[in-house]
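Novice: Dropping a structure here in structure tokens format, bear with me for questions.
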Amino acid sequence: MEARAIQTAVRQSARKMRLVIDQIRGRAVPEADAILRFSKKTAAIQIRKVLKSAVANAERSAERQNERLDVDTLRVRYAVVNEGPTLKRFTMAAMGRGTPIKKRTSHVEIRVGADAVKPAPKAVNPAATPRGKAEAKAPKAKAEAKTAPKSKKSAAKPRAKKEK
């Protein structure tokens, strides 16, 4: 089950909104909502609205298909902020000139999906694997290899200094 929500032409630059959206990408919905609720960034307000909408869309989709859905199992699968249209305005400047002002907008898209329940991994006996059998047969060889000198130079005698 996957649902999405898109908000277009949000009156904040995409660069500022990406700082917030990067914090929630891949997280569980309750955790992402808590991060957004306590964030000091203004972008968190708009992103939280989109997240709530995506969760509501997932609930509605599950209801239509007569499936059970636990909101706590939802995860933010995809979250992206793209640039929207830029509003171009001018302000007065010295000597009769006009200075351009770019009021940037952005598009927010969030997709949420349910976590698949993963089965617990089986306990593997190391002696049952082919590598484990070889290690079980020769544990002494490893111990001997650790105590043996690593190179011939360390075992050689130090040279005597030449006299002139």
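Values quoted throughout were computed directly from the atomic coordinates according to the rules given, and no laboratory measurement underlies them. What you are looking at is a predicted structure, and each value in this text was computed from that prediction instead of being measured. With ideal geometry, Cβ positions are generated from the backbone for all residues, glycine too; neighbour counts draw on all protein chains shown.
Novice: Test of the criteria: in the range 1-91, which GluC sites (Glu not before Pro) are in a DSSP loop and have at most 10 other Cβ atoms within 10 angstrom of their Cβ?
Specialist: Of the GluC sites (Glu not before Pro), the ones in loops of the range 1-91 whose Cβ has at most 10 other Cβ atoms within 10 Å are Glu67.
Novice: If you count, for each residue, the other Cβ atoms within 10 Å and average over each peptide, how do 96-103, 49-56 line up from highest to lowest?
Specialist: Most protected by this proxy first, the peptides run 49-56, 96-103.
Novice: So between Lys40 and Thr8, what do we pick up on full extension, going 0.36 nm a residue minus the alpha carbon distance? The partial results should precede the final answer.
Specialist: Numbers: separation 32, 0.36 × 32 = 11.52 nm, distance 2.21 nm.
Here the segment from Lys40 to Thr8 would lengthen by 9.3 nm.
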